[in-house]
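Enquirer: One structure follows; several queries about it will come next.
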Amino acid sequence: MTEHTIPGFAPSTHGFHFANAWSAGPTIRFGPLDPRLIGVGDARAGLCGGMCYTVADLFAADVQVPPDREPPANGSPRFRAIVRRQVESLAWLSVPIRFWLRSALGGSFGGDRARSTWEREWPKARARLDAGRLTSIGLIRVATRDPRDLTHNHQVIAWGYAEDGRAVTLRLYDPNWPDRDDVTVSIDLDPALRPAGLSQSTGEPLLGWFVLPYAPKPPTSWR
């Protein structure tokens, strides 16, 4: 058994104490235009990327998360800060495109998602975690060509891993499950050390995952 975690980090301490469950309302406005009129920008769809990036920012800056058990009100400074990081987590829309390609085509834009996760993404995640870096991960939950279903996919933070020859497991901060230190995703291996399937400890569907870009920013709205 090989295990590694980011020293000092735990979701129950450093993650938000509220869930990724937001009231309906616009995340951004374009002047007088509410973008929900064209089917985008409703907070109710979730802000998992913004929450993950903000948690990583706060940890890097050694700033405590607030004790709040309810999400910040729509339009408040902290809400706007999470939305800003949500937009930045999309990396100029390259991240939704990567989600869509893996949902629609499988793997690294084609083929077996589990094999691609094991062969391409797991080495990247392990290298970042071994270097002491929280690692943003995109979870593929649906196989679909319909871009409207992309909201079923999800963003989380990996803060540790374990491998024992039978499976590789990432330990996660999952904004859908606040204050939980036991949320994991696993790649199960067959006797030949080939991927046999993927699973999440909370029972949600999982077809694959991939490493996302992240660069810390000063969390000025949270001091």
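Enquirer: Any idea how far apart T2 and A91 come out in nm if each label point goes 7 Å out from Cα toward Cβ?
Expert: Output for this residue pair reads 2.4 nm.
Enquirer: Moving on to the next point. For the range 2-222, give me the percentage of DSSP beta bridges that are antiparallel, rounded to the nearest 5 percent.
Expert: 95 percent
Enquirer: Stretch R223-D164 to full length: gain in nm at 0.36 nm per residue minus the Cα-Cα span?
Expert: Length difference between fully extended and current span is 17.2 nm.
Enquirer: Any idea what the dipole of the chain comes to, in debye rounded to 20, about its Cα centre with Lys/Arg Cβ at +1 and Asp/Glu Cβ at -1?
Expert: 720 debye
Enquirer: Let me ask something additional. At R0 = 25 Å, how high is the FRET efficiency between D179 and D62 if r is their beta carbon distance? Nearest 0.05 is fine.
Expert: 0.80
Enquirer: Also, quick follow-up: Once you have a ≥ b ≥ c as the square roots of the Cα gyration tensor eigenvalues for the range 52-148, tell me rounded if a/c is under 1.5, and otherwise prolate or oblate according to whether a/b is larger than b/c.
Expert: oblate
Enquirer: Which ³J(HN,Hα) values, rounded to whole Hz and listed in residue order, are derived for the range 92-100 from phi using the Karplus coefficients 6.51, -1.76 and 1.60 in 6.51 cos²θ - 1.76 cosθ + 1.60 with θ = phi - 60°, glycine and proline given as x?
Expert: Using θ = phi - 60°, the values come out as 6, 6, 5, 5, x, 5, 5, 4, 5 Hz.
Enquirer: Quickly work out the T202-to-D188 label distance, labels modelled 7 Å from Cα along the C-beta direction, and quote it in nm with one decimal.
Expert: Output for this residue pair reads 2.1 nm.
Enquirer: Give me the distance in nm between label points sitting 7 Å out from Cα along the Cα-to-Cβ direction at D149 and A215, one decimal.
Expert: 3.4 nm
Enquirer: Indicate the gyration tensor shape class of the range 2-222 (rounded, prolate or oblate), computed on the Cα atoms with a ≥ b ≥ c the square roots of the eigenvalues: a/c under 1.5 is rounded; otherwise a/b larger than b/c is prolate and the rest oblate.
Expert: Oblate, because a/c is 1.5 or more while a/b does not exceed b/c.
The numbers here are math on the coordinates, done by the rules we state, and not lab data. Predicted, not measured: the structure shown is a model, and the values here were computed from it. Methodologically, a virtual Cβ is constructed for each residue, glycine included, from the backbone with ideal geometry; neighbour enumeration extends over all protein chains shown.
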